[in-house]
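This report concerns only the one structure given below.
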Amino acid sequence: MSLMYCHERNLAVSPQGGNTGMVGGSTPVFDEIIVSTALMNQIVSFHNVSGVLVCQAGCVLEELSRYVEERGFVVPLDLGAKGSCHIGGNVATNAGGLRFLRYGSLRGTVLGLEVVLADGTILNCLTSLRKDNTGYDLKQLFIGSEGTLGVITAVSILCPPKPSAVNVAFLGCPGFAEVLQTFCTCRGMLGEILSAFEFMDAECMKLVGLHLRLACPVQESPFYVLIETSGSRAGHDAEKLSGFLEQVLGSGLVTDGTLATDQRRIKMLWALRERITEALSRDGYVYKYDLSLPLDRLYDLVSDLRARLGLHAKHVVGYGHLGDGNLHLNVTAEAFSPSLLGTLEPYVYEWTARQRGSVSAEHGLGFKKKDVLGYSKPPEALQLMQQLKALLDPKGILNPYKTLPTRT
């Protein structure tokens, strides 16, 4: 009813969930009316054979995870902001996260959506079917559209069985070439039980030690890798992991490592990776970039920027989801500096475009990054996006000034 009211009166709206986004996608720019999904927080159904969960958009991710884990399943999405982010916002931004390597993107695990269109029409495509090859797959229009084409109000998502055996290895590598070789060896030897492959550089480790007092569990190294395995047979997984660790340590790809099998130690090792953002925020003003790049060039941009910025930046760090080619590039300074921003942009985006990468791997575009979309998409694609926006939201009331560039 609220969207119908706003549509009739030409009132712009800003859909808002947990408000945990990194690019201002849920923040009003001028005088938009906030449409919050916070009270739409009910679980509609869960099928304990198929693993299909149907819930309202305002459900908090961590609470959904707890609900399905009690029933022997997991939500195929895990984020650092899981304690406050909403599943509707996760879908609207096509959030990636820590389980992407194992379970893929939300475009594959979301089975159906309920969406309210700009004029208040309720589009009920809330199917629980895994296979439905009839007509256009309309839900894909709204996944990742950041509330600019419709407001997601309910989600149907496929939850895989909860692994009974989880192990985490934290390793030190002498160089980024060895990180890549470790990943190749890891995929070959661990195969189906590999669920996460994260990397961080030495600067990240220094910052989590300095600001958060977290101790490095291995000897000091230029790079660190966190590997998680998830399976159904502890003995089988331990045997495969043992063979892998013997191989990488013996070949010199890894110089030191530690293994965790109990929940306390697993959480401790994951904290070194998950709390990097917190450590960076305590280091000063942070310029954040979320990029997709070819694996062999993933870290080159970090090295290039260190040389380019010199003493103008406090720290230039690189970390992220190596398993899916996602680099989180962060630059810290004492305070915001227009000259430093001018040195960073558009250099970072031009560098990424030359590698045929993406200027947003998982955070979306929102308000902050909308005008750099052209570095990742051709003019024909931008024009088609504008046409889709005009078709579904002819008055332009849904989350204006977001996602699409000001000029195409």
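The values are calculated or read from the model by the stated rules, or taken from the named source; none is laboratory data. All figures in this text were calculated on a predicted structure; none of them were measured in a lab. Quick reminder, even Gly has a Cβ in these numbers, built from the backbone with ideal geometry, and neighbours come from all protein chains shown. Keep in mind that these areas ignore ligands, DNA and RNA; they rest on the heavy atoms of the full protein, side chains included. Shrake-Rupley method; radii C 1.70, N 1.55, O 1.52, S 1.80 Å.
Sort through THR134, THR127, THR185 and tell me the only one that's farther than 27 Å from GLN386 by Cβ, open to solvent by 10 Å² or more (accessible area, probe 1.4 Å) and outside any loop (DSSP other than H, G, I, E, B). Break it down stepwise before answering.
On the way: THR134 fails: outside any loop (DSSP other than H, G, I, E, B); THR127 fails: outside any loop (DSSP other than H, G, I, E, B).
After applying the criteria, what remains is THR185.
For GLU274, the conditions (1) over 26 Å from THR20 (Cβ atoms); (2) open to solvent by 30 Å² or more (accessible area, probe 1.4 Å) are fulfilled apart from (1).
Go through the stretch 315-342 and give me each residue that's surrounded by fewer than 17 Cβ atoms within 10 Å (Cβ to Cβ) and of a type in the set (Ser, Thr, Tyr). Once the filter is applied, which keeps residues that are surrounded by fewer than 17 Cβ atoms within 10 Å (Cβ to Cβ) and of a type in the set (Ser, Thr, Tyr), the stretch 315-342 yields SER337, SER339. Before we move on, is VAL208 touching a Ser or Thr at 6+ places or on another chain (Cβ under 7 Å) and either outside any helix (DSSP H, G or I) or outside the structural domain of GLY318 (by TED's automatic domain parsing) (or both)? Against the criterion (touching a Ser or Thr at 6+ places or on another chain (Cβ under 7 Å) and either outside any helix (DSSP H, G or I) or outside the structural domain of GLY318 (by TED's automatic domain parsing) (or both)), VAL208 does not qualify.
Here the condition is being at pLDDT below 95 and within 13 Å of ALA169 (Cβ to Cβ); of GLY243, GLY235, it holds for GLY243 alone. For the stretch 139-154, the set of residues classified as touching an Asp or Glu at 6+ places or on another chain (Cβ under 8 Å) and within 20 Å of SER128 (Cα to Cα) consists of ILE152, THR153, ALA154, listed by residue number.
What is the residue count in the stretch 204-241 for residues that are surrounded by 21 or more Cβ atoms within 10 Å (Cβ to Cβ), touching a residue at least 60 places away in the same chain (Cβ under 8 Å) and within 21 Å of VAL254 (Cα to Cα)? Number satisfying all stated conditions: 7.
Could you tell me whether the stretch 168-175 includes any residue that is modelled with pLDDT of 95 or more, within 16 Å of PHE100 (Cβ to Cβ) and touching a Leu at 6+ places or on another chain (Cβ under 7 Å)? Within the stretch 168-175, none of the residues are modelled with pLDDT of 95 or more, within 16 Å of PHE100 (Cβ to Cβ) and touching a Leu at 6+ places or on another chain (Cβ under 7 Å). The one condition from (1) open to solvent by 60 Å² or more (accessible area, probe 1.4 Å); (2) farther than 30 Å from ASN10 by Cα; (3) under 20 Å from the mean Cα position of the chain (by Cα); (4) in contact (Cβ under 8 Å) with a residue 24 or more places away in the chain that HIS312 does not meet is (3).
So for the stretch 367-375 (the condition being open to solvent by less than 10 Å² (accessible area, probe 1.4 Å) and in contact (Cβ under 8 Å) with a residue 12 or more places away in the chain), does at least one residue qualify? Outline the logic, then answer.
Let us first name the residues in the stretch 367-375 that are open to solvent by less than 10 Å² (accessible area, probe 1.4 Å), namely none.
So far as the stretch 367-375 goes, no, none of its residues is open to solvent by less than 10 Å² (accessible area, probe 1.4 Å) and in contact (Cβ under 8 Å) with a residue 12 or more places away in the chain.
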